[in-house]
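Have a look at the structure below before the remarks.
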């Protein structure tokens, strides 16, 4: 099959630098997505109609259009529309965070609605403010129930982060393709990148299972 993995050995450190970037990119995208998703969730369950309409429209747009289209639109159109130069990294974090927020808001909304309404009513009858009830009673239970879905979203973000290589971000895939173009072999460096992504996903899955077990023991 004419495979020779020894040819990529000297380039492994170069490719591994992309792994650190991929993790950082995923972390910040998840952070933006979680915060924005929580805000959208509160809008969706709000009694203020304009907020609900905005959240529903936002979710519809970001779930109904391709992520790659959103990424290229934000990266290339922002300077034209706002006159502001935006780095590829910033464009990626903003796009992935906003896209993730649309999905997480639906997940969190379902988790909140699944919490027994009697608990909220009992707390309300005791005079506990809505914000306090949401922070200490409803959200902790909702997040515990939707933890597997949140982990799935993080894993999806990690894998979809390969899209940022399209706009020149030096992530793991970009570096692997750079090595492939330099030494004129493709299977070995791309397979190495695939192995790293797989190990990262397995590590996230293991951490999620450990966290789930701890949460169950705390019940």
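Going through segment 74-84 one residue at a time, which ones are more than 22 Å from residue 106 (Cβ to Cβ) and surrounded by 11 or more Cβ atoms within 10 Å (Cβ to Cβ)? Can you show your working first?
To start, the set of residues in segment 74-84 that are more than 22 Å from residue 106 (Cβ to Cβ) comprises 75-84.
Selection gives 75, 76, 77, 78, 79.
Evaluate the following for residue 79: is it free of Cβ contacts under 8 Å to residues at least 24 places away in the same chain and within 24 Å of residue 167 (Cα to Cα)? Yes; evaluated as a whole, the condition is true for this residue. The set of residues in segment 148-172 being surrounded by fewer than 17 Cβ atoms within 10 Å (Cβ to Cβ), in contact (Cβ under 8 Å) with a residue 60 or more places away in the chain and not in a loop (DSSP other than H, G, I, E, B) consists of 148, 166.
Within segment 128-135, identify whether any single residue is without any contact (Cβ under 8 Å) to a residue 40 or more places away in the chain, in contact with a helix residue (DSSP H, G or I) (Cβ under 6 Å, 6 or more places away or on another chain) and surrounded by 15 or more Cβ atoms within 10 Å (Cβ to Cβ), and answer yes or no. Yes, some residue in segment 128-135 is without any contact (Cβ under 8 Å) to a residue 40 or more places away in the chain, in contact with a helix residue (DSSP H, G or I) (Cβ under 6 Å, 6 or more places away or on another chain) and surrounded by 15 or more Cβ atoms within 10 Å (Cβ to Cβ).
Every number here is computed from the coordinates shown, using simple stated rules; none is lab data. Computed from a predicted structure; not experimentally measured. Glycine gets a Cβ as well: all are built from the backbone with ideal geometry, and neighbour counts include every protein chain shown.
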